Every structure is written in C-alpha cells, then in structure tokens.
Amino acid sequence: AAAIAAVPDHPELLDALGRAQLAAGDTNQAFTTLNKVAALQPTSASPHMRLAEAYMFAKNPESAQRSLRKALEVQPDLLAAQAALVQFAIGAKNYPEALSIARTVQKQRPKSPAGYQLEGDVAASQKKFDVAADVYRAGLKVAPTSELARKVHAALGAGNKTADAEKFSGGWIKDNPKDVAFRLYLAETWLARGDLGNAEKSYLGILQVQPDNAVVLNNLAWVTGKLKKDGAVAYAEKAIKLVPAQPTYMDTLAMLLSDKNDYAKALEWQTKALVLQPENNLFKFNL
C-alpha cells in the first residue's frame, strides 16, 4: 500500500495489490484494483486474465467469461483464455461454441496439438468416445505428447475398446519407453480396475527408467504386498531411504511388516508416521 501511495499508477504494483486483496478476501477492492490495471494496460491481455481468475475465485463465472473474452479481444490466440472458455462452454452444454473455439485454435496453431486436444475433450464430454479417440490421434500426428496419448487410451477404454486401448498403450510404450507419465497413468488405471498384476508391471517398467522414484517404489511396495510376493518390504525401505520424512511411506512399511508378523518394527514405523501427522485418522487406525 505504501508503494502504491508513492507510485499510484504503477501496473505491476497495482497487480500485486489486487492479488493481495483477493487473497485477503477483499474481493470488491481487488476487482477495483485489477480493473485499474486493465485500464492502464489496454494492449495487454494479462490484466483481463487476472480478473477472470479473480471472478472465478469469487464464484462469478459470468464475469469470468466476460474477462476471458476481453483478453481474446486483445490477444486473439491466447490459448489459456480459449481453453478456459471451452471448459465453460462444455459445462453449459454449449457444444457448438466449444467446438468452434477448439477449431479456431487448430487454425491459429496448425503445428500444435492443443486444438485437437480441446476438440477431443468436447467429444469426450458428450460421451462420443470413438470421435474423441480419433481427434486425439490426429493431434498426436501433429505433435506426440504424453497427455494426448493418455487421452487416446482413456477414450478407447471409455468406449469399451479394451483391445484397441491395450494395443495403443503397448505401441506407445515401445515407441516412448521413457514416458514415465504415461506409465504412471497406466498403473493408476490398472489399480482402479483392481488389476494388481498389470499395475505391478507398469511400476516395474517405470523403475527401469527411474530406479530412484520414491513414489513408484512406495506404490510398488503396496502392490507387491497385496500380491503376497517377495520384495515388498525392500521396496518400501528404499522409498523411505530416498525420502526419510515421508509419513505415507512409513505407513506402507508398517503395514507390510505387520503382514509379516513383525509387529515390533511395524509399531515403530507406524508411531513415527503418526508423530509426523498426528491428526491422520488412517494412521491412528493402523496403529
């Protein structure tokens, strides 16, 4: 506030003040401040994007959309504004508008998969999963990204094209063996289906690329334990060695030790976990 008093029309200071007012819950003052920034920077889309965020924070989606459209008036190819408007249109079931924006993005960015991803999302939101998968695949031809690959696989699965989904995932992993994000997505998908065997394979595949991934080691420890296989405790211990102060990993190790009737060590680790997160009811129950 003191800085603003000294330099009352400084856009960056006003922007910082507006964000501070918003964080403090003083939304009316924040809107006044951010609108002043927009007036001071008529050729910049950033103040309108900031206003859109503020209106969303204040649960005023109509005003947020108006600010997003003002941002596009200044910068017609602003992807963040276009993507947000697509999501608003999907939420309102205004699919023609959502599709129009997505295809505008494709024309503006012919070498980017962004427009195809948005169009695929529009189709998926209507449960047109075959169409969505085809559009996502078209985007992959423009630029192969892990996110689009995950969307192709998800769309095929949602459309009950299980064999096609597995064929696609196998091909993608073969061509992109270091795509850890896709392998993690697959592991989570298998876990959601209760297929621990395939989840284990996915986690093991990640460890071939990232042997010191503590999150994967912890998850693999849990899966291996559920499968009653050897090595679960070793995976959990390595995860803790890599990230010593993570109570979730301690909880996993404690449960695995308990399953092996090693209650003294199990109690020791579960107690340590609870000390780090004393309000965690699951840790209390496990103890």
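Taking region 129-204 and the helices (runs of 4 or more DSSP H) fully enclosed by it, no element has 3 or more residues that are of a type in the set (Lys, Arg), touching a strand residue (DSSP E or B) at 6+ places or on another chain (Cβ under 8 Å) and under 26 Å from Asp230 (Cβ atoms). Filtering region 159-173 to residues that are more than 17 Å from Asp195 (Cα to Cα) and of a type in the set (Gly, Ala, Ser) leaves Gly159, Gly171.
Could you tell me whether any residue of region 244-252 is modelled with pLDDT under 95 and not charged (D, E, K, R)? So far as region 244-252 goes, yes, one or more of its residues are modelled with pLDDT under 95 and not charged (D, E, K, R). Contact annotation: residue pairs with Cβ atoms under 9 Å, 6 or more positions apart or on different chains, pairing a residue in region 267-278 that is polar (S, T, N, Q) with a partner that is part of a loop (DSSP other than H, G, I, E, B), are Gln270/Leu287; Thr271/Leu287. Of the helices (runs of 4 or more DSSP H) lying entirely inside region 219-287, those containing at least 2 residues that are among the hydrophobic types (A, V, I, L, M, F, W, C) and in contact with a Leu (Cβ under 7 Å, 6 or more places away or on another chain) are 232-242, 263-276.
Total residues in region 219-232 satisfying the condition of being open to solvent by 10 Å² or more (accessible area, probe 1.4 Å) and touching a Ser or Thr at 6+ places or on another chain (Cβ under 9 Å): the figure is 5.
For region 103-134, what are the residues that are open to solvent by 50 Å² or more (accessible area, probe 1.4 Å) and under 12 Å from Leu148 (Cα atoms)? Within region 103-134, Tyr116, Asp134 qualify.
The residues on offer are Leu217, Leu196, Leu227, Leu204, and the sole one that is out of contact with any helix residue (DSSP H, G or I) (no Cβ under 6 Å at 6 or more places or on another chain) and modelled with pLDDT of 95 or more is Leu204. Each residue in region 139-148 was checked for being surrounded by 16 or more Cβ atoms within 10 Å (Cβ to Cβ) and touching a Pro at 6+ places or on another chain (Cβ under 9 Å), and 5 of them qualify. Filtered by the rule that a residue be surrounded by 15 or more Cβ atoms within 10 Å (Cβ to Cβ) and either of a type in the set (S, T, N, Q) or farther than 19 Å from Tyr116 by Cβ (or both), region 177-194 gives Val180, Arg183, Leu184, Leu186, Ala187, Thr189, Trp190, Leu191.
The values are calculated or read from the model by the stated rules, or taken from the named source; none is laboratory data. What you see is a predicted model, and the numbers here were worked out from it, not measured in a lab. Positions of Cβ are backbone-derived with ideal geometry, glycine not excepted, and every protein chain shown enters the neighbour counts. Please note that ligands, DNA and RNA were not included when accessible areas were found on the heavy atoms of the full protein model with its side chains. Shrake-Rupley method; radii C 1.70, N 1.55, O 1.52, S 1.80 Å.
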